Amino acid sequence: MTGQVLGLGCGVPGGSAEILLVEALRAAEADGATVELVRLDELRLPEDADWFWERLVACDAWVVSAPIISRTVPGRLKVLADLLLGPNADAAIIQGLLEARRAGAEPVVPFRVDERVLRPRVAAFIACGGSLTTQWKALALPVMHTLAFSMHLKVVDQLVVDGAGTPRSVVLDDDALRRAAALGHHVASQRGRPWQEAEYLGPPGACPMCRLDVVVLSGRDVECATCGARGRLADDFAVEWTDLTTSVISMDEKRDHYVEIVDTARRHAGLRDVIDERAAAYAGFPVTRPAP
C-alpha cells in the first residue's frame, strides 16, 4: 500500500516536537508510506501558503507536531490555518458550490473551489510541552483540531507529551518516542481511507467525535468545547451524548453551516446599499501606524 504522509513540524528545527514527528514519519515509512517533512519555521507566510496547500491536498495523511506555548500551539500554525483552511477548504461548502455549478446556478458566495479537498485523507496530532501538570497543555489538541474539521479529515490518533522542558530533551523519554512511532504506524494503516471507514486508534476521550475531554457545562447540558457535540450530564456525572450531528466534525453540521452562509449572503445582498451607507460613517477614523 502506498500513500503520501505529510509531516508538518511547528517547533524549533531539530527540537523535541520535530524529533517526535520524525519518529512518527519513520514508522509510517517503514509501513510502506512515502513521507515528507515540512518545517513551519521555514515557510514564508503568506508567500509560501499556496506551496504548502499543494502538498496538503496531494497527501493521504497529515501529521502535525507542535510545541505547547502558553497552553496552546504556536501562533504561526494558526496563521497558516487562517490562510489556507476555513471556507476555502470546507468539504460541505465545496460540495454545495459544485452542486450549484452543475445545476447552472451562480454561486452566492465567492469561495475557491478545489475538488481535491474532497479526496479522502486522515490526520494525527502531536503536542509537546515541558509542564508536567494538565492545566498547562489543555488547549493544545483542541486548537489543533481546527486544522482537520473543515477538510473533513478523520483524526486517527493524537498525543500529548510532557516533561520536555529543555531543548531536544524528549530523547530522554523512551515512552514518548515509542508512542510517537505508534502514532506513525496508526496513520500509515489508515492513510487514504474515507472518513466513515478510517478507525480512531488513539487514547479514549469523553467526546465520541473528537475524543477529547474539554466540555462546556450549562446546568446539566453539555457541549464539547472542541467540536460542538451535545449531551446531558447524568447523575453519576457521566455524559450521555444525545446529538453528534451538531459537531463541526460531522458533515451534517458542515452542510447546515453552508446553508447558513448562503442564506446570510442572500439576505445581505438585498441590503448592500444600506450596509455600505451605514459603514461609511466609520471610514476615515484616524489610524496610528509605525514609521515606514
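The values are calculated or read from the model by the stated rules, or taken from the named source; none is laboratory data. This is a predicted model, so every value here is computed, not measured. A quick note on method: Cβ atoms are made from the backbone with ideal geometry, for glycine too, and the neighbour counts reach across all protein chains shown.
Figures for the structure shown
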quantity: Odd one out for ILE93, checked against (1) assigned to a helix (DSSP H, G or I); (2) touching a residue at least 60 places away in the same chain (Cβ under 8 Å); (3) more than 17 Å from ARG255 (Cβ to Cβ); calculated: (3)
quantity: Any hit, the stretch 109-126, residues being at pLDDT 95 or above, assigned by TED's automatic domain parsing to the domain that holds ALA81, among the basic types (Lys, Arg) and more than 19 Å from the chain's Cα centre (by Cα); calculated: no
quantity: Selected residue (criterion: surrounded by the most Cβ atoms within 10 Å (Cβ to Cβ)) from residues of the stretch 216-234 that are closer than 26 Å to VAL122 by Cβ and not acidic (Asp, Glu); calculated: CYS224
quantity: Identity of the residue in the stretch 1-54, assigned to a loop (DSSP other than H, G, I, E, B) and aliphatic (A, V, I, L, M), that ends up farthest from GLY129 (Cα to Cα); calculated: MET1
quantity: Selection within the stretch 228-256 - free of Cβ contacts under 8 Å to residues at least 12 places away in the same chain and either closer than 30 Å to ILE93 by Cβ or within 25 Å of the chain's Cα centre (by Cα) (or both); calculated: THR245, ASP252, ASP256
quantity: Among the candidates VAL170, VAL187, residue that is in contact with a Cys (Cβ under 8 Å, 6 or more places away or on another chain), under 30 Å from ASP31 (Cα atoms) and crowded, with 17+ Cβ neighbours inside 10 Å; calculated: VAL170
quantity: Restricting the stretch 96-146 to residues that are free of Cβ contacts under 8 Å to residues at least 24 places away in the same chain and surrounded by 14 or more Cβ atoms within 10 Å (Cβ to Cβ), the residue that is nearest to ASP173 (Cα to Cα); calculated: VAL113
quantity: The stretch 235-254, residues that are surrounded by 17 or more Cβ atoms within 10 Å (Cβ to Cβ) and in a helix (DSSP H, G or I); calculated: GLU253, LYS254
quantity: Residue among ASP235, ASP256, ASP263 that alone is assigned by TED's automatic domain parsing to the domain that holds ARG211 and at pLDDT 95 or above; calculated: ASP256
quantity: Candidate set: the stretch 73-90, residues that are among the charged types (D, E, K, R) and outside any loop (DSSP other than H, G, I, E, B); chosen: the one nearest to TRP53 (Cα to Cα); calculated: ASP82
quantity: Selection from the stretch 126-156 of residues that are of a type in the set (A, V, I, L, M, F, W, C) and touching a Cys at 6+ places or on another chain (Cβ under 8 Å); calculated: PHE149, VAL155
quantity: Qualifying residue in the stretch 281-288 (condition: outside the structural domain of SER150 (by TED's automatic domain parsing) and either surrounded by 11 or more Cβ atoms within 10 Å (Cβ to Cβ) or among the charged types (D, E, K, R) (or both)); calculated: no
quantity: Count of the stretch 230-272 residues which are farther than 15 Å from PRO208 by Cβ and among the aromatic types (Phe, Trp, Tyr); calculated: 2
quantity: Test result for ARG101, in a loop (DSSP other than H, G, I, E, B), in the same structural domain as PRO74 (by TED's automatic domain parsing) and of a type in the set (D, E, K, R); calculated: no
quantity: Single residue of the stretch 38-95 satisfying the filter (surrounded by 19 or more Cβ atoms within 10 Å (Cβ to Cβ) and charged (D, E, K, R)) that is farthest from GLU23 (Cα to Cα); calculated: ASP90
